[in-house]
Amino acid sequence: MALKEYHKKRIFNQTPEPTGGKPSANMLHFVVQKHDASRLHYDFRLEMEGVLKSWAIPKGPSLNPADKRLAVMVEDHPYDYKDFEGIIPEGNYGAGTVMVWDQGTYEPVEPLPSKEEAEKYLLGQLDDGSLRFRLYGKKLKGEFALVHMKNSSMGENAWLLIKHRDDDASESDITKQDKSVISGKSMLQLRRNQNL
Ligand code: MN
């Protein structure tokens with residue numbers, strides 16, 4: 001089962017993180033979470049096969065095609081994780097503040113007639129280690145590639161997230177837009193809310 005590793009790492013009466021979720025019929029979703037854990041990073045997640053395929057990106061995504069951002073593939077997360085924002089309490093796996101930094105839908109660069117066919121196509125690309133997709137987020141837009149680095153010194157889970165050259169490419173630092181797209185809150189505000 002795809003979520004076995006996710007469940008194994010967590011104790012669900014001690015963390016508010018979601019356990020499952022049922023995808024919508026028509027669209028493929030993505031989320032990018034800013035996660036202030038032992039090290040600040042961004043988690044990039046693409047819906048596939050009813051779960052969220054996930055990569056941890058230390059420097060966060062970039063709209064600059066010249067940037068190649070290391071993206072370390074991690075365990076699949078449940079579909080409902082795309083809306084998770086809050087605090088993972090101390091002592092739990094990934095303890096720290098989680099913000100929904102960006103969210104939206106995505107599709108393969110190749111136009112396909114149905115969600116089912118799009119997913120099948122993307123899973124093939126995932127297997128091949130070369131995903132190409134178009135994001136419709138609030139911050140991230142346009143075409144991107146996730147490319148598996150074979151024989152990398154960074155290990156077998158190392159991928160690169162790269163922006164394609166298109167009208168949405170930009171040299172400005174998108175991570176400077178640092179508020180949640182669902183609550184409008186900053187990391188500090190999310191952290192403080194917890195203490196009220
Ligand atoms: Mn994380």
**OP:** Sequence neighbours fewer than 8 away in the same chain don't count; with that in mind, list the lysines whose C-alpha is under 20 Å from K115.
**Re:** K22, K53, K82, K141
**OP:** Ratio to report: Rg/Rh of the range 113-196, with Cα atoms as the point set and Rh obtained by the Kirkwood method; give two decimals.
**Re:** 1.08
Subject >> Dipole magnitude (debye, nearest 20) for the range 18-72, charges at Cβ of Lys, Arg, Asp, Glu >> reply: 120 debye
**OP:** Loop sites only, by DSSP: take the GluC sites (Glu not before Pro) in the chain that have at most 11 other C-beta atoms within 10 Å and name the longest stretch containing none of them.
**Re:** 1-89
Original post:
Each label point is 7 Å from the Cα along the Cα-to-Cβ direction; what then is the distance between the points at E171 and K9, in nm?
Top reply: 3.7 nm
Subject >> the range 3-195 - accessible surface per residue (Å², probe 1.4 Å) >> reply: 51 Å²
**OP:** Tell me the label-point distance for the pair K120, Y93, using the 7 Å Cα-to-Cβ offset, in nm and rounded to one decimal.
**Re:** 3.2 nm
Original post:
When the helices in the chain are scored as -39500 (n - 2.57) per DSSP H run of 4 or longer and the sum is shared across all residues, what 222 nm value do you end up with, to the nearest 500 deg cm²/dmol?
Top reply: -4000 deg cm²/dmol
**OP:** Please tell me which of these pairs span more than 20 angstrom C-alpha to C-alpha: K34/K150; K8/K34; K34/K59?
**Re:** K34/K150; K8/K34
Subject >> Cα centroid separation, the range 133-188 to the range 62-104 (Å) >> reply: 12 Å
Original post:
Using the Cβ atoms and a cut-off under 11 Å, what net charge is assigned to the surroundings of G60, where Lys and Arg are +1 and Asp and Glu are -1?
Top reply: 0
Subject >> Coil-residue chymotrypsin sites (Phe, Trp or Tyr not before Pro) of the range 1-74, DSSP, other Cβ within 10 Å capped at 11 >> reply: F12
Original post:
Dipole magnitude of the range 37-196 about its Cα centre, charges +1 at Lys/Arg Cβ and -1 at Asp/Glu Cβ only, in debye to the nearest 20?
Top reply: 700 debye
**OP:** Please list the equivalent ellipsoid semi-axes of the chain, computed as the square roots of five times the alpha-carbon gyration tensor eigenvalues, in descending order and whole angstrom.
**Re:** 25, 20, 17
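The values are calculated or read from the model by the stated rules, or taken from the named source; none is laboratory data. Everything quoted here is computed from the prediction, not taken from an experiment. Note that we place each Cβ from the backbone using ideal geometry, even for glycine, and neighbour counts take in every protein chain shown. To get the accessible areas, we keep the full protein, side chains included, count just its heavy atoms, and leave off ligands, DNA and RNA. Shrake-Rupley method; radii C 1.70, N 1.55, O 1.52, S 1.80 Å.
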